[in-house]
Amino acid sequence: EDPSQAPLQAYDYWVAGWPRLVRTVQIALADRIEEKLPYMHVPTLVVRGKEDPVVPQQWAEEVVHLLPNARLVVIPGGGHTLNYSRPLELTRVTRAFIEAKDLQTKKHEIT
């Protein structure tokens, strides 16, 4: 991750407090979303930074495979917190996804 992000993360962790931080990690690890994904019948965009140390490429691909209507975009040079490290690229791919889905919805409404 971008080293300039470290002070922001440290501050957030300090404000949240150690018990909250530990509990959040426990909840995240206990929530087996892979079991829920096949039931999500909505268009879904999965975005991963190519240099993400938290979400491996294989797991991102598994998520997309489990979702009935999903697309994976990998942003070159991005880490885990794309909203911080690659905000413009994240916005671009998200906007393109939303606009494409909006266009499909409008086509269905017209017919």
> Here are some conditions: (1) open to solvent by 70 Å² or more (accessible area, probe 1.4 Å); (2) within 17 Å of the chain's Cα centre (by Cα); (3) modelled with pLDDT of 95 or more. Residue 1 meets all but one. Which one does it not meet?
Replying inline: (3)
> Going through the range 4-17 one residue at a time, which ones are modelled with pLDDT under 90 and surrounded by fewer than 10 Cβ atoms within 10 Å (Cβ to Cβ)?
Replying inline: 4, 7
>> Looking at the range 31-39, can you tell me whether even one residue there is touching a helix residue (DSSP H, G or I) at 6+ places or on another chain (Cβ under 7 Å), charged (D, E, K, R) and surrounded by 13 or more Cβ atoms within 10 Å (Cβ to Cβ)?
In response: no
> Taking the range 40-69, which residues are open to solvent by less than 30 Å² (accessible area, probe 1.4 Å) and assigned to a strand (DSSP E or B)?
Replying inline: 44, 46, 48, 49
> Looking at this structure, is residue 89 open to solvent by 60 Å² or more (accessible area, probe 1.4 Å), touching a helix residue (DSSP H, G or I) at 6+ places or on another chain (Cβ under 8 Å), at pLDDT 95 or above and under 23 Å from residue 3 (Cβ atoms)?
Replying inline: yes
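The values are calculated or read from the model by the stated rules, or taken from the named source; none is laboratory data. Just so it is clear, the structure is predicted and the values come from calculations on it, not from any experiment. So basically every Cβ, Gly included, is an ideal-geometry build from the backbone, and we count neighbours across all protein chains shown. Surface accessibility is based on the protein's heavy atoms, side chains included, excluding ligands, DNA and RNA. Shrake-Rupley method; radii C 1.70, N 1.55, O 1.52, S 1.80 Å.
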